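The values are calculated or read from the model by the stated rules, or taken from the named source; none is laboratory data. Computed from a predicted model, the values in this text were never measured in an experiment. Note that we place each Cβ from the backbone using ideal geometry, even for glycine, and neighbour counts take in every protein chain shown.
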Amino acid sequence: MHSLSSGKSENCANIFFLCVYLAPVAAGQLRDGGGREPTSMLPLDPVNAASFGKLIRSVFMGLRTRRLGTRGNSKYHYYGIRVKPDSPLNRLQEDTQYMAMRQQPVQQKQRFKPLQKVDSMSDSLCGSSQHCNSTPEQSVAAQSQHHQQYIDMAHSLPTFPSPDLGSQPLPERINMSDIKKLQTLYRDHCEATLDVVMNLQFHFIEKLWQTFWCSTAPSSDGDTTIPKGLIPAEKLVSLCKYEPLRLWIRSCDHILYQALVEILIPDVLRPVPSTLTQAIRNFAKSLEGWLTNAMTNFPQEIVQSKVAVVSAFAQTLRRYTSLNHLAQAARAVLQNTSQINQMLSDLNRVDFANVQEQASWVCQCDESVVQRLEQDFKVTLQQQSSLDQWATWLDNVVTQVLKPHQGSPSFPKAARQFLLKWSFYSSMVIRDLTLRSAASFGSFHLIRLLYDEYMFYLVEHRVAQATGETPIAVMGEFSDLGSMMPSFMEKGKKL
Ligand SMILES: *[C@@H]1O[C@H](CO)[C@@H](O)[C@H](O)[C@H]1NC(C)=O
Ligand SMILES: *[C@@H]1O[C@H](CO)[C@@H](O)[C@H](O)[C@H]1NC(C)=O
């Protein structure tokens, strides 16, 4: 290790290196790292860690750090910068990721399989470098980097609330310092989860959860000691049995998973490579199993409560990825003049009076509102609106329809009712088109699926806004109800 003492010119070379090869994640957030091209690869001697820290802070002022891993067993890393996409350092990083991946057990490697299918949208991967001829592991690592441009890397975890302990005395086995410790450790754990997801290293989540909940079998050398700084398993169980803390963990989970959704799918309508969609869907599929495995030794109540939130998260990921997929397909239709014209002529033949007659008994909708929506829809179609214009139109529809319920406790119910009615009306229109064997049936079917799904998305967000909760909490409400009232659910199934 060479220190800085060997001369000022070396220091300058190091700064140059930082400027050229590293860039702030969000432009404007930090001082610009410079955009110059390297004139040559300078032979550099590495400085020691302390000097490197000083250097990097002198270039990226205000740079923050984050801890990865649990206390006492952690690594610090810089937060808010990354290697420039076009930097030759990427090759270096791929090599180390490749080495890391080779050290993982076989079944973890196989989870990456679906990612290996490079589709047309990821073609840019093969543009400039040797990715195309690389090993599967290398292409996965490269793909992961390529995918990171589609996710929100600048997102951070909002602060957690404090547990609401009420005025009852604490249960015997726990005291305030235990609770404080849990608060700190749980926050660290959630931040680590967020970091792993942000790096798209989904397969690490399983291990991370197992480590936190300490339920992994003792290692073969009989070492069962608890890593420094962790809560002993028995104590953790006691803490989880205490209801105020269980509710607190649930509210933290709502915040965490909402952040993860916003990181992974920052814009539901924006095109993303299907390989990324597939990776997110596989992740969603694995979550519940990973959690229940990690928590096998914990009381039912905490497991059920956590699983309910994770299921809501998985369901949200599935819905948003479908929505995204439908949006890509619909874009092609909405941009095609001949298809739009066919849709218009078919729609003009639909007997809307008949649709209204049949739907009115079920929906009890104001006839004038229905007529206005029908006219508006036709005009918007005629204007060959883009998907984004349609999204604005749907948003306005939700606003108008729910306006009378704003601020009322009946808002969530009215919102759900609206979704049902919207879906009922659109199915009546599709029915009419089907009976007429309309040529544009396929286009309408696709548009209908997309608009239903997007309405669901909009309404869920409006309800969350109205109740001051996260959309994940809104969606988790029902599955929570189900898990707490098994007898009710049993009865429901028999009906
Ligand atoms: C809380 O309990 C732990 C043992 O479980 C003990 O070591 C600690 O001193 C206690 N703290 C307080 C503030 O009573
Ligand atoms: C528009 O749709 C028609 C009918 O489906 C199809 O034949 C045509 O190729 C499409 N045009 C474009 C530009 O995609």
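Being within 16 Å of ligand 1 (Cβ to nearest atom) and either under 21 Å from Asn297 (Cβ atoms) or not in a helix (DSSP H, G or I) (or both) is the filter here, so list the residues in the range 180-211 that pass it. I'd like the intermediate steps shown before the answer.
Here is the first cut: in the range 180-211, the ones within 16 Å of ligand 1 (Cβ to nearest atom) are 180-185.
Listed by number, the residues that qualify are Lys181, Leu182, Leu185.
For Leu170, only one of the following conditions fails: (1) at pLDDT 50 or above; (2) surrounded by 15 or more Cβ atoms within 10 Å (Cβ to Cβ); (3) part of a loop (DSSP other than H, G, I, E, B). What is its number?
It fails just one condition, (2).
Checking the condition in a helix (DSSP H, G or I) and either acidic (Asp, Glu) or within 13 Å of ligand 2 (Cβ to nearest atom) (or both), which residue from Arg331, Arg318 passes?
Details: Arg318 fails: either acidic (Asp, Glu) or within 13 Å of ligand 2 (Cβ to nearest atom) (or both).
Criteria check complete, one pass: Arg331.
Here is a list: Asp395, Asp351. Which entry is surrounded by fewer than 16 Cβ atoms within 10 Å (Cβ to Cβ), more than 22 Å from Gly442 (Cα to Cα) and in contact (Cβ under 8 Å) with a residue 40 or more places away in the chain? Steps first, answer last, please.
On the way: Asp351 fails: more than 22 Å from Gly442 (Cα to Cα).
That would be Asp395, the only listed residue that is surrounded by fewer than 16 Cβ atoms within 10 Å (Cβ to Cβ), more than 22 Å from Gly442 (Cα to Cα) and in contact (Cβ under 8 Å) with a residue 40 or more places away in the chain.
Among the residues of the range 436-447, count how many are buried (at least 19 other Cβ atoms within 10 Å of the Cβ) and part of a helix (DSSP H, G or I). Give the derivation first.
Our first condition is that a residue be buried (at least 19 other Cβ atoms within 10 Å of the Cβ); within the range 436-447, this holds for 438, 440, 443-444, 447.
Still in the running and part of a helix (DSSP H, G or I): 443-444, 447.
Count: 3.
With the requirement that a residue be surrounded by 14 or more Cβ atoms within 10 Å (Cβ to Cβ) and either among the β-branched types (Val, Ile, Thr) or near ligand 2 (Cβ under 9 Å from one of its atoms) (or both), what does the range 334-348 give you?
Asn336, Gln339, Ile340, Gln342
Please name all residue pairs, on different chains or six or more residues apart, with Cβ atoms under 7 Å, provided the first residue is in the range 169-185 and is closer than 11 Å to Lys235 by Cα and the second residue is more than 10 Å from ligand 1 (Cβ to nearest atom) and in a loop (DSSP other than H, G, I, E, B).
Ile174/Tyr242; Ile179/Pro163
Restricting attention to the range 326-361, and to residues there that are under 17 Å from Lys378 (Cα atoms) and touching an Asp or Glu at 6+ places or on another chain (Cβ under 8 Å), which single residue is farthest from ligand 1 (Cβ to nearest atom)?
Going through the qualifying residues, I end up with Asp351.
For the range 448-489: of the residues being of a type in the set (A, V, I, L, M, F, W, C), part of a helix (DSSP H, G or I) and more than 24 Å from the chain's Cα centre (by Cα), which is modelled with the highest pLDDT?
First pass over the range 448-489, keeping only residues of a type in the set (A, V, I, L, M, F, W, C): 449-450, 455-456, 458-459, 463-464, 466, 472-475, 478, 481, 484-485, 488-489.
Okay, now just the ones that are also part of a helix (DSSP H, G or I), so 449-450, 455-456, 458-459, 463-464, 466, 472-475, 478, 481, 484, 488-489.
Then drop every residue that is not more than 24 Å from the chain's Cα centre (by Cα), which leaves 484, 488-489.
Numbers: Met484: 44, Phe488: 37, Met489: 39.
Across the range 448-489, the extreme among qualifying residues is Met484.
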